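Read-outs throughout are calculated quantities, based only on the coordinates presented, and are distinct from any laboratory measurement. None of the values given here were measured: they were computed from a predicted structure. Every residue, glycine among them, receives a Cβ derived from its backbone with ideal geometry; neighbour counts consider all protein chains shown.
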Amino acid sequence: MPVFVALLRAVNVGGTGKLPMSDLVDMATAAGFRRVRTYIASGNVVFESRGTEARVKRALEDALARHAGKQVAVMVRTADEMAAVLAGNPFPDRAPNRTVAVFLDTPPPADWRDGLVAPGGEEVYAGARELYIHYGDGMATSRLKLPAATPGTARNLNTVARLAAMARE
């Protein structure tokens, strides 16, 4: 059965979007997904489903909207796609905790650099349906502006690696 990784946007980050991971497991199980498991409390869930990516996404977003009373964006990748995100990291020799993949629903637009401001020397690279960012001095003090990343959700490369491994298990 196909394995998927779903990444929720703005869940349990900075005091917003509170969602216990046990509730997320319950929602995914109720949607008919199997072998549901989460990783850390920021809205990462790995599961099996015979559904398509679009169907999985819709089922989770509908369940989350009912639960939260508002829309919660979900980015979905297959196990192979998550492995490809990890393998496609353009900064393999840099600290994985200072490198993120911003997951998008669609490929970055051709004008993804428009509005980019990287005053701290942050480096940005476009992937298949991701934007990779390396924060040389760390994210805490970054003043990076990247409008093309706004609809997405970011995970550092340590998290991406763990999710890719969970999807293979």
Cα gyration tensor category, rounded, prolate or oblate, for the chain with a/c compared to 1.5
prolate
Most mobile of R55, R129, R37 per a Gaussian network model of the chain (Cα springs, under 10 Å)?
R55
Using helices alone, I'd like the mean residue ellipticity at 222 nm for the chain: each DSSP H run of four-plus residues gives -39500 (n - 2.57), total over residue count, nearest 500.
-8500 deg cm²/dmol
Under the Karplus curve 6.51 cos²θ - 1.76 cosθ + 1.60, θ = phi - 60°, whole-Hz ³J(HN,Hα) for segment 73-84, x wherever Gly or Pro sits:
6, 10, 9, 10, 9, 6, 4, 5, 5, 5, 5, 5
Show me, for segment 146-151, the HN-Hα J-couplings you get by feeding each phi into the Karplus relation (A = 6.51, B = -1.76, C = 1.60, θ = phi - 60°), rounded to Hz, glycine and proline as x.
9, x, 5, 8, 3, x
Given an 8 Å cut-off on Cα distances and at least 6 residues of separation, report the relative contact order of segment 87-158 as a percent.
45
Shape call, segment 87-158: gyration tensor on alpha carbons, a/c limit 1.5
oblate
Between N97 and K70, Cβ-based FRET efficiency (R0 22 Å, step 0.05) works out to 0.15
Relative contact order of the chain, pairs being alpha-carbon contacts under 8 Å that are 6 or more residues apart, as %
24
Can you tell me, using C-alpha contacts under 8 Å and at least 6 residues apart, the relative contact order of segment 3-80 as a whole percent?
42
First select every other residue whose beta carbon is under 13 angstrom from the beta carbon of V72; then total the charges, Lys and Arg +1, Asp and Glu -1.
+3
